[in-house]
Amino acid sequence: MASVDAEMSGTARDLARQVLIHGPISRSDLGRRLGLSPASLTRLSKPFLERGLFIETAETAPAGAGRPAKPLDVRVDARRFVGVKLSGDAAFAVLTDLRATAVASAARPLPDHDVDAVVEVVAALVDELRSGDSLAAAGGLAGVGVSIGGNVADQRVVTRAPFLGWRDVPLADVLESRLGVPVDVENDVTALTTAEQWFGPARGTDAFAVVTVGAGVGYGLVMHDRVVTTPDTGLGLGGHLPLDPSGPLCLDGHRGCATAMLAIPSISAQLGIALGREVPYEEVLELSAAGHPVARSITDAAGRALGRMLAYIANLTMVDTVVLSGEGIGLWPVARASALAALAADRDPEAGTVTIHVDDTGFGSWARGAAAVAIQGALARLRLPA
């Protein structure tokens, strides 16, 4: 069957992306964004409508004379995707629609770090999720995304994953052979940043930062509507940023760095040392909210460190929007006041306001990030009949 590969490599993919991110969107707005005439827009959108990927939403009356407009949107249930987040001890997966909205989830522990064992866990999660969904079971599973803490080459090969002890593992190839669907692999912070760019509260913003708080501290950046990546992406360099010269040490010996001040293990350990027992992270937050003096001092210090980190980011990259995410972002309600005060103190008094969005979906946000990478990959591979 003939395909419009040339168009799909450019303008038609841009059209699909705009509708996916911004729909329902009027044809006039699409035309302005893409520089397309009404005739070209009609021609390019027709195959998407015929394949059931686009739908026309309810008519809206134009401001002046003319025919009612029918905004375009994607049919979000036209395809299913699975996103899998791999940590050092478990795999967490979500089944999503075309906008990375989770419709089901599942998790399994990793028996060990052997590649074959991890692949079997991921495959079992994917099989579990698609067998419980009629659309995915009927062939509507369009792709799988996997996110991992470490370095990934070309969304195919895990070149370094310290939590798993992996080097140069062709994970996408192995999983594709096992699952029979396209697989895209990405660094976890890059994947989450992609999800925030396409489907999060900052979508439509062409420059913003993402800060994640969890087992470590992650930093992602979008500039000119592109996720910024370098060969060092995956090293967690944002976690080494010095924030408090009197703070605790991280495992690498950095005093008061982002990891030492904000990561879940460090915050729990600080209160644990003070109380002489192990203290789960959730208890630290609960004690702080209840006014426990030691817990409060720890979360206030973390808030000041976070505010300073936000100020560094805004001052040096000149973005005015930051998304906070990760499984440890429950810190925000108890640290918000001290964070905002530190942010203001480290900014020029005449500098613009930094808008902060909080993604409080917890650990599931990482798996949604993996699904977003799969959605992005499916769009890049899309072929439509002529």
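Derivation of every value follows stated rules applied to the coordinates shown; laboratory data play no part. Quick caveat: nothing in here was measured; it's all calculated off a predicted structure. Cβ sites come from the backbone with ideal geometry, for glycine too, and all protein chains shown count toward neighbours.
Annotations
- Using the alpha carbons alone, the radius of gyration of the stretch 204-322 stands to its Kirkwood radius in an Rg to Rh ratio of 1.02.
- GNM remark for the chain: springs join alpha carbons under 10 Å apart, and the peak mean-square fluctuation among A305, A290, A104 falls on A290.
- Packing-based exposure ordering (other Cβ within 10 Å, fewest first) of K46, K70, K85: K46, K70, K85
- Whole-Å distance, taken between Cα centres, linking the stretch 93-149 and the stretch 155-202: 13
- Given the choices (1) 22.2; (2) 20.7; (3) 19.2, mean projected area of the Cα convex hull in nm² derived from the coordinates of this structure is entry (1).
- Distance between the modelled labels on D320 and V294, one decimal in nanometres: 4.4 nm (7 Å Cα→Cβ projection).
- Crossing angle, helix 38-50 versus the chain [Cα axis fit, 0-90 degrees, rounded to tens]: 80
- Inter-probe distance in nm under a simple model that places probes 7 Å from Cα toward Cβ, at D73 and R226: 3.2
- With loop membership from DSSP and a limit of 15 other Cβ atoms within 10 Å, the longest segment of the chain without GluC sites (Glu not before Pro) is 60-277.
- For the chain, DSSP calls about 65 percent of its internal beta bridges antiparallel.
- Taking other Cβ atoms within 10 Å as a rough exposure proxy, D173, D359 sort from fewest to most as D173, D359.
- Computed from the Cβ-Cβ distance with R0 of 35 Å, the FRET efficiency linking R108 to A138 stands at 0.90.
- For the stretch 203-358, the antiparallel share of DSSP beta bridges with both residues in that region comes to about 55%.
- Using a Förster distance of 45 Å, the FRET efficiency for R203-D116 (Cβ separation, nearest 0.05): 0.75
- For V152, residues with placed amide H under 5 Å, excluding near neighbours: T159, N187
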